[in-house]
Amino acid sequence: MIHYLIEYNRRTGQVSVSDNLTLEEAIHARIEKNRKRSSKDIEVVVITSPSRESLELSHSRYFRRHKENAYTGRSSL
């Protein structure tokens, strides 16, 4: 299983995903990012999933707007 650290801006739909972390590293990073976040609109989560494809299916709300922006040529990152 892969541990994903996701930073999601609920207001803008911007998403950042890190996946090269141990579970301990991901949890520590989540705690630090939540402590330092600049806006309550930023959601930071750790999710364990077998693949990025599976993650995007099971937690599609984080990726929906990003995919729409990619389709229209706008970058959400």
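The values are calculated or read from the model by the stated rules, or taken from the named source; none is laboratory data. Remember, it's a predicted structure, so these values are computed and weren't measured experimentally. Ideal geometry is used to build each Cβ from the backbone, glycine not excepted, and the neighbour counts take in all protein chains shown.
Of the residues making up region 8-44, those that are in a strand (DSSP E or B) and either within 16 Å of Glu56 (Cα to Cα) or not aliphatic (A, V, I, L, M) (or both) number 10. For region 1-26, the tally of residues that are farther than 14 Å from Arg65 by Cα and not aliphatic (A, V, I, L, M) stands at 8.
Hey, can you tell me all the residues within region 50-77 that are of a type in the set (Ser, Thr, Tyr), part of a loop (DSSP other than H, G, I, E, B) and modelled with pLDDT of 90 or more? Matches in region 50-77: Ser51 only. Among the residues of region 1-32, the ones that are surrounded by 14 or more Cβ atoms within 10 Å (Cβ to Cβ) and without any contact (Cβ under 8 Å) to a residue 24 or more places away in the chain come to 6 in all.
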